Amino acid sequence: MRAIVTGTAGFIGSHLAEALVQHGWQVVGIDCFTPFYERARKVQNLRQLQSQAAFSLVECDLVDAPWADLLPGVQVVFHQAAQAGTRSSWGAQFADHLHHNLLATQSLLEGCRHVAQPPRIVYASSSSVYGDAETLPTPETTPPRPVSPYGITKLSAEQLGFVYHRSFGVPVTALRYFTVYGPRQRPDMAFHRFLKALSRGETIDVYGDGAQSRDFTFISDIVTANLQAAVAPGAVGEALNISGGTQVSLYEVLAMMEEVSHRRFERRQLPAQPGDARHTGADISKASRILGYRPAVGLTEGLTTMWDWSEAWER
Ligand SMILES: NC(=O)c1ccc[n+]([C@@H]2O[C@H](COP(=O)([O-])OP(=O)(O)OC[C@H]3O[C@@H](n4cnc5c(N)ncnc54)[C@H](O)[C@@H]3O)[C@@H](O)[C@H]2O)c1
């Protein structure tokens, strides 16, 4: 089996490419090393992969990728590349979100449309498509109402994929990830920042009243869902929630982090940020039915693994 992993140098893409190689796939990773966070971190993410004969890296922007050369013989494209981050999507930076989320996806879809055997595309969508969902836990039938420009671009790219599926038969599945955490998490994300601050004895910024909640997903569960979506017969043309299966408040998470690390937080309370949903919680019954997806890693176990990684990185 041959796969392309876009965004392969990022947090999720690097874990996914490693798992694919371990499962015997030939993997071409594509990444343009956007400057959203430092290149050295992404190079480090690729360290294990670079020594694998089954992995090769193509450094290019998806918008200008040579799809006619890259796609023939590929069965699945795991499309992880994006400009992530809700708070960074307002103002002038929206242009980056449009480029890396929407134009990049359109380029991939056009490429797939023109090969003889279009590969299956497993697209990394996001819980941010829901915004402040009216139903919790949220099923996929809930009308999407993003509260950030980032969420708008993730939803648009998902919809664009389904248009290419209906019009040209490009087989697209969208996995709506709920807040992903684990080793190599992006440095702008809350768990990364909190654990780093615990290591260094620094004060953390807590936005809002701390009662906001998220359904957190450990990275290995995201990888499992992608592997399942690559082959599941009923997954094409569907959007599927993927989460850890439990909704936890920010304050509960901070208490768990203190327990796992045996350290105490110094906190600075700041106002809630525009673009952040108040609560996210997934109904994962559809993914369970279609993919056989069941989250395997609970929050205490996942946080312990991430704390060990964070400590090692800080040393
Ligand atoms: N991390 C989460 O909690 C989370 C939650 C929901 C959805 N997602 C989605 O999962 C995917 C991966 O997220 P992540 O946290 O690993 O982000 P990341 O920033 O670590 O990885 C994304 C990678 O894509 C690359 N990239 C971006 N635009 C590109 C382009 N035009 N051409 C080639 N490469 C490009 C970047 O250089 C980066 O290495 C994204 O699509 C994101 O929207 C992530």
Cross-chain or 6+ apart pairs with Cβ under 6 Å, the range 7-35 first and modelled with pLDDT of 95 or more, then charged (D, E, K, R) and more than 6 Å from the ligand (Cβ to nearest atom): PHE11/ARG184; GLN26/ARG2; PHE33/ARG39
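Given the structure, is SER128 over 19 Å from GLY85 (Cβ atoms) and in a helix (DSSP H, G or I)?
Details: over 19 Å from GLY85 (Cβ atoms): no; in a helix (DSSP H, G or I): yes.
The answer is no for SER128.
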Scanning the range 9-56 residue by residue, those under 18 Å from ALA104 (Cβ atoms), out of contact with any Leu (no Cβ under 7 Å at 6 or more places or on another chain) and not charged (D, E, K, R) turn out to be GLY10, PHE11, ILE12, GLY13, LEU16, CYS32, PHE33, THR34, PRO35, PHE36, TYR37
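Against the condition free of Cβ contacts under 8 Å to residues at least 12 places away in the same chain and either of a type in the set (Phe, Trp, Tyr) or more than 15 Å from the ligand (Cβ to nearest atom) (or both), how does ALA92 come out, does it pass? Break it down stepwise before answering.
Values: free of Cβ contacts under 8 Å to residues at least 12 places away in the same chain: yes; either of a type in the set (Phe, Trp, Tyr) or more than 15 Å from the ligand (Cβ to nearest atom) (or both): yes.
Taking the combined requirement at face value, the residue satisfies it.
What's the total number of residues in the range 156-170 that are open to solvent by less than 30 Å² (accessible area, probe 1.4 Å) and within 13 Å of the ligand (Cβ to nearest atom)? Quick ask: steps written out before the conclusion?
Within the range 156-170, the first condition is being open to solvent by less than 30 Å² (accessible area, probe 1.4 Å), and the residues that meet it are 157-158, 161-162, 164, 170.
Within this subset, residues satisfying the condition of being within 13 Å of the ligand (Cβ to nearest atom) are 157-158, 161.
Summing the residues that are open to solvent by less than 30 Å² (accessible area, probe 1.4 Å) and within 13 Å of the ligand (Cβ to nearest atom) in the range 156-170 gives 3.
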If I filter the range 134-145 for residues that are open to solvent by 10 Å² or more (accessible area, probe 1.4 Å), within 13 Å of the ligand (Cβ to nearest atom) and modelled with pLDDT under 95, do I get at least one hit? no
Consider only pairs whose beta carbons are under 7 Å apart and that are at least six residues apart or on different chains; among these, list those whose first residue lies in the range 171-182 and is open to solvent by 10 Å² or more (accessible area, probe 1.4 Å) and whose second residue is more than 7 Å from the ligand (Cβ to nearest atom) and among the acidic types (Asp, Glu). THR179/ASP215
Of (1) within 11 Å of the ligand (Cβ to nearest atom); (2) among the aliphatic types (A, V, I, L, M); (3) more than 28 Å from ASN241 (Cβ to Cβ), LEU71 fails just (1)
Considering only residues that are part of a helix (DSSP H, G or I) and within 23 Å of ASN101 (Cα to Cα), look in the range 48-68 and name the one that is most open to solvent (accessible area, probe 1.4 Å). ASP64
How about the range 110-133: which of its residues are more than 9 Å from the ligand (Cβ to nearest atom) and either of a type in the set (Gly, Ala, Ser) or farther than 14 Å from GLN75 by Cα (or both)? GLU110, GLY111, HIS114, ALA116, VAL129, TYR130, GLY131, ASP132, ALA133
Is at least one residue of the range 197-209 out of contact with any strand residue (DSSP E or B) (no Cβ under 9 Å at 6 or more places or on another chain), more than 15 Å from the ligand (Cβ to nearest atom) and in a helix (DSSP H, G or I)? yes
Considering the range 8-34, residues that are open to solvent by less than 10 Å² (accessible area, probe 1.4 Å) and outside any helix (DSSP H, G or I), and then whichever is farthest from the ligand (Cβ to nearest atom), we arrive at VAL27
Would you mind telling me which numbered condition in (1) without any contact (Cβ under 8 Å) to a residue 60 or more places away in the chain; (2) surrounded by fewer than 19 Cβ atoms within 10 Å (Cβ to Cβ) SER126 fails? (2)
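The values are calculated or read from the model by the stated rules, or taken from the named source; none is laboratory data. Since the model is a prediction, treat every value here as computed from it, not as a measurement. Heads up, the Cβs are rebuilt from the backbone with ideal geometry, glycines too, and the neighbour counts pull from every protein chain shown. For accessibility, only protein heavy atoms count, side chains too; no ligands or nucleic acids. Shrake-Rupley method; radii C 1.70, N 1.55, O 1.52, S 1.80 Å.
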